[in-house]
Amino acid sequence: MQDEERQLLHQRNASEERRDVRSKIALILGSALAILIAALSGWIVLRDQAERKKAQDELTSLNRWYAVVSGINALGLQVRDRDDLFSNACRIAVERGEFVMAWIGVVDRCTKKNCSDGLGGCR
């Protein structure tokens, strides 16, 4: 009877050890999976932020161009003098378009040379 008890105790201990090893393996694999998911999530967040920043910069640039084109189109209806139109168009490009400088050159069709006197605007 004592041999049977020892054998049962040995089987029970072996079963507990296997269960303990399985638990440790599951814990290690679960932790590794959690770390992998966290790293992947962090990478996705960084990528999305970069894409959002790029889209925001592009939208800002397009809005500036739209403001310039709209302002210059409105000038076409208000101004009758060509020099005044060019001067105000350059001013709008610098102010609304946030350009450092704007300049309009006019080419003489006969001589193929620039005949403007440097109409432009600066910040």
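Nothing in this text is a laboratory measurement; each read-out follows from the coordinates by a stated rule. A quick note: this is a predicted structure, and the numbers were derived from the prediction, not measured. Neighbour counts run over all protein chains shown; Cβ positions are idealised from the backbone, glycine included.
What the table below lists for this structure:
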{"quantity": "Added length on full extension, which subtracts the Cα-Cα distance from 0.36 nm per residue, SER23 to GLU5", "calculated": "3.8 nm"}
{"quantity": "In degrees, nearest ten, helix 82-95 long axis to first principal axis of the chain (Cα)", "calculated": "20"}
{"quantity": "Entry for mean projected area of the Cα convex hull in nm² (calculated from the structure that is shown) out of (i) 14.8; (ii) 7.1; (iii) 7.8", "calculated": "(i)"}
{"quantity": "Helix axis angle, 2-78 relative to the chain longest principal axis, alpha carbon, degrees", "calculated": "10"}
{"quantity": "About the Cα centre, charge dipole magnitude for region 2-122 (Lys/Arg +1, Asp/Glu -1 at Cβ), debye", "calculated": "380"}
{"quantity": "Full-extension gain in nm, LEU62 to CYS110, via 0.36 nm per residue minus C-alpha separation", "calculated": "13.6 nm"}
{"quantity": "Sum of -39500 (n - 2.57) over DSSP H runs of 4+, divided by residues of the chain (222 nm, nearest 500)", "calculated": "-27500 deg cm²/dmol"}
{"quantity": "Distance (nanometres) between label positions extended 7 Å along Cα→Cβ at ASP48 and GLU95", "calculated": "4.1"}
